[in-house]
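Asks: The structure that follows is given in the form of structure tokens.
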Amino acid sequence: MGETKELKKKLTPAHDCTTCEATAQMIDKARRDGVELVFDRAATMKACPIGADSACCKHCSMGPCRLNAKDPYGKVGVCGATIDTIQARNFARMVASGAAAHTDHGMSILHLFGEVVKGHNKDYEIKDTQKLLQVAQTLEIETDGRAYQDIGLDIYEELMKTYTQVEGEFPFAKAVPEKTLETWRKHNIVPRGAMREIMEIMHRTHMGVDQDYENIVNQCSRTALSDGWGGSMVATEISDIMFGTPRPVMAEVNMGVLKEDHVNIIVHGHEPNLFESIMVSTSDATMVEAAKAAGAKGINLVGMCCSGAEMMSRHGVPHAGNFMSTEAVLVTGAVDAMAVDVQCIKQGLGKVADCYGTELFTTNPRCHIEGVKHIEFDEDDPMACTDEVVIKAISRFKNRKGDIQIPKNKNVGIHGFSKEYIGYMLGGSFRESYVPLNENIINGRIRGVAGVVGCTQPRTKQDYMHVELVKELIKNDVLVLQTGCSQIALAKAGLLIPEAAHLAGDGLAEVCETVGMPPILGLGSCVDNSRILTAASEMVRTGGLGHSIADLPAAGAAPEWMSEKAISIGHYFVASGVYTVFGTTFPITEGTKFHKHLFEELEEMGLGKWGFSNDPIEMAHMMIAHIDKKREQLGINK
Ligand code: XCC
Ligand code: SF4
């Protein structure tokens, strides 16, 4: 009892935790029900100040060593490691882990594709032959007069090098604008294969190996690039081939997509194959019959986080919310089953699911959770897993206990702007062309392009920075591209619609109204950040905006980031030539040489650079100032 009071005292009011009304309602309900959520754990778990400054090292047992961020050069580790070495090594391991996550995801999808083109797997297929040909052309694979299956086999073999190649340049180097690639070659950061790069980071950051922060950052760049232009890009391109390239589609977001009189199933995670298969299970006539026999009107399949964003962008599947809402949604009591695969799956979900009687299942051999039932998803027999999830959900619906409270909040938006569709939309009917986009940038109607992406997290008010930042950018005629949890934040704010053009500056509004597009384009999941890279390459190739990605009037941001994947993403944007601003926190000690290297010197090397701000309006203007600087250099500033 005393403990509960103690907890209550420290709790942050729900509306200070989030700007998402539905999530706030569920925070309050959870507190009434005595259930602890991520927001409450964050309030009682203060972040470690030394770790927050990345001023500690535990790479060997002579330590752990803690340096003083207030006097960063006053002390070194037991081995003599300086603050710059320690920070660079910590940063490198974040890049390695983040890149490994995207790489492992991409490699799984590619493996599945291999099974399909070899004829071993009949549950999936080549759906988008256009995309198949396009990827083959990029990789310089012969397509004339060849069967799709054969072309696919060559693509599979070539792209496997993204992961396994030991020497030489990785396959999608062919997709990189020439001058950007030249810069990479000059600094020796063209990735070989992702596994090699990640292995080398782990080696170089072992005690007593690489102790020169600049050299470590170089390997960070090479590894991060093997994620963005490698692991992630393969995941996106191959998913497009197997499941279809997204085109604009209407979709509903927020917790109001749950239906009290339906069996509600949520899929939360990152890999599209589980989701694609569960879509088949939930629309199966016998399953729908079984749901009806249990008293439900039907089965309601809903996504969360990144695989949710991907399925929403590809098929218009409704989306219940981003990372900060995954526990809160269970508080509705309306979720009959939640199936998860990999990444961003909080262990805390288990307890919350227990409290509300939701059936929670892990499905991927890489991600078990102690005490949570595991039903393994096997690509060679996908329905075995997904059917079982649906059957368990139906039986939970039948036996629902406790009250159900579904927030009414729901917004409709347009999602699914692939790089291909952006060209098609602006290029006019039957023409895919980036010429009109570049022209509108050159004539100043569109000032520049910004990618706003990444997580939500409890150290800042959920969704707030995303929404304020994006509003300020479009107000200043910056076209915004979005992925992941950020896209969901803006969708929940009701801004992924053409009518949002009235919040845009005159120039951007005019372009949006002419084309009928929103000023904020939702592209999909985290791995779909690779779509931003390919769109940027297309802008460079189209001409008039310089010769490398670093020349473009463009910038990126992840204002509420939290995962190591976000660091890998941020760094591959930086290494690709993009000024990238993070918010909420940054694992660095200010005023160090390492800080100066990331925030200034990388740009002098012809790459992009990092930035940081905790204020969304300031962040927007840092990005706009950079865009204006690039416009100036291109001689296109009005
Ligand atoms: Fe995870 Fe990808 Fe971050 Fe969301 S944005 S919290 S990484 S789900 Ni991608
Ligand atoms: Fe300390 Fe050096 Fe060991 Fe790190 S590697 S824990 S700085 S002695």
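Asks: Out of curiosity, is Val342 buried (at least 22 other Cβ atoms within 10 Å of the Cβ) and in contact (Cβ under 8 Å) with a residue 12 or more places away in the chain? Outline the logic, then answer.
Replies: Working: buried (at least 22 other Cβ atoms within 10 Å of the Cβ): no; in contact (Cβ under 8 Å) with a residue 12 or more places away in the chain: yes.
When the stated conditions are applied, Val342 does not pass them.
Asks: What helices (runs of 4 or more DSSP H) completely inside the stretch 15-93 contain at least 3 residues that are within 16 Å of ligand 1 (Cβ to nearest atom) and not assigned by TED's automatic domain parsing to the domain that holds Thr592?
Replies: By residue number, 38-44.
Asks: Pairs, please: C-beta under 8 Å, at least 6 apart or cross-chain, first residue closer than 20 Å to Asp477 by Cα and in the stretch 548-570, second open to solvent by 10 Å² or more (accessible area, probe 1.4 Å) and within 16 Å of ligand 2 (Cβ to nearest atom)?
Replies: Filtered contacts from the stretch 548-570: no entries.
Asks: Tally the residues that are more than 16 Å from ligand 2 (Cβ to nearest atom), open to solvent by less than 10 Å² (accessible area, probe 1.4 Å) and in a helix (DSSP H, G or I), restricting the search to the stretch 570-608.
Replies: Final tally of qualifying residues: 9.
Asks: More than 16 Å from ligand 2 (Cβ to nearest atom) and either part of a strand (DSSP E or B) or surrounded by fewer than 21 Cβ atoms within 10 Å (Cβ to Cβ) (or both): is that true of Leu481 in this structure?
Replies: It is true that Leu481 is more than 16 Å from ligand 2 (Cβ to nearest atom) and either part of a strand (DSSP E or B) or surrounded by fewer than 21 Cβ atoms within 10 Å (Cβ to Cβ) (or both).
Asks: Another question, then. What is the residue count in the stretch 454-466 for residues that are open to solvent by 20 Å² or more (accessible area, probe 1.4 Å) and either within 16 Å of ligand 2 (Cβ to nearest atom) or part of a helix (DSSP H, G or I) (or both)? Give the derivation first.
Replies: Looking only at the stretch 454-466, we keep the residues that are open to solvent by 20 Å² or more (accessible area, probe 1.4 Å), and these are 458-461, 464.
Checking which are either within 16 Å of ligand 2 (Cβ to nearest atom) or part of a helix (DSSP H, G or I) (or both) leaves us with 464.
Result for the stretch 454-466: 1.
Asks: So, of the residues in the stretch 549-569 that are open to solvent by 10 Å² or more (accessible area, probe 1.4 Å) and more than 16 Å from ligand 1 (Cβ to nearest atom), which turns out to be nearest to Pro616 (Cα to Cα)?
Replies: Within the stretch 549-569, the match that is nearest to Pro616 (Cα to Cα) is Ala554.
Asks: Can you list the helices (runs of 4 or more DSSP H) found entirely within the stretch 266-337 that contain at least 2 residues being open to solvent by less than 10 Å² (accessible area, probe 1.4 Å) and touching a Ser or Thr at 6+ places or on another chain (Cβ under 7 Å)?
Replies: On the way: elements: 272-283, 285-293, 305-315.
Per the criteria, 272-283, 305-315.
Asks: If His120 passes every condition in (1) in a loop (DSSP other than H, G, I, E, B); (2) open to solvent by 40 Å² or more (accessible area, probe 1.4 Å); (3) within 16 Å of ligand 2 (Cβ to nearest atom) but one, which one does it miss?
Replies: Of the numbered conditions (1) in a loop (DSSP other than H, G, I, E, B); (2) open to solvent by 40 Å² or more (accessible area, probe 1.4 Å); (3) within 16 Å of ligand 2 (Cβ to nearest atom), the odd one out for His120 is (3).
Asks: Identify all residues within the stretch 609-633 that are in contact (Cβ under 8 Å) with a residue 24 or more places away in the chain, part of a helix (DSSP H, G or I) and open to solvent by 30 Å² or more (accessible area, probe 1.4 Å); write none if there are none.
Replies: Across the stretch 609-633, the qualifying residues are Ile617, His621, Met622, Asp628, Gln633.
Asks: Something else: So the check is Cβ under 8 Å with 6+ separation or different chains; which pairs have a first residue in the stretch 198-214 that's over 22 Å from Asp227 (Cα atoms) and a second one that's in a helix (DSSP H, G or I) and within 10 Å of ligand 2 (Cβ to nearest atom)?
Replies: Once the first residue is over 22 Å from Asp227 (Cα atoms) and sits in the stretch 198-214, its partners that are in a helix (DSSP H, G or I) and within 10 Å of ligand 2 (Cβ to nearest atom) give Gln211/Thr85; Asp212/Thr85.
Asks: Something else: Of these, Tyr163, Tyr148, which one is buried (at least 19 other Cβ atoms within 10 Å of the Cβ), among the aromatic types (Phe, Trp, Tyr) and modelled with pLDDT of 95 or more?
Replies: Of Tyr163, Tyr148, the one residue that is buried (at least 19 other Cβ atoms within 10 Å of the Cβ), among the aromatic types (Phe, Trp, Tyr) and modelled with pLDDT of 95 or more is Tyr163.
Asks: Of the residues Gly427, Gly444, Gly454, which is within 16 Å of ligand 1 (Cβ to nearest atom) and small (Gly, Ala, Ser)?
Replies: On the way: Gly427 fails: within 16 Å of ligand 1 (Cβ to nearest atom); Gly444 fails: within 16 Å of ligand 1 (Cβ to nearest atom).
Being within 16 Å of ligand 1 (Cβ to nearest atom) and small (Gly, Ala, Ser) holds for just one of Gly427, Gly444, Gly454, which is Gly454.
The values are calculated or read from the model by the stated rules, or taken from the named source; none is laboratory data. Source: prediction; values computed, not measured. As a convention, Cβ positions derive from the backbone with ideal geometry for all residues, glycine included, and neighbour counts pool all protein chains shown. Just so you know, the surface numbers come from the protein's heavy atoms only, side chains and all, with ligands and any DNA or RNA stripped out. Shrake-Rupley method; radii C 1.70, N 1.55, O 1.52, S 1.80 Å.
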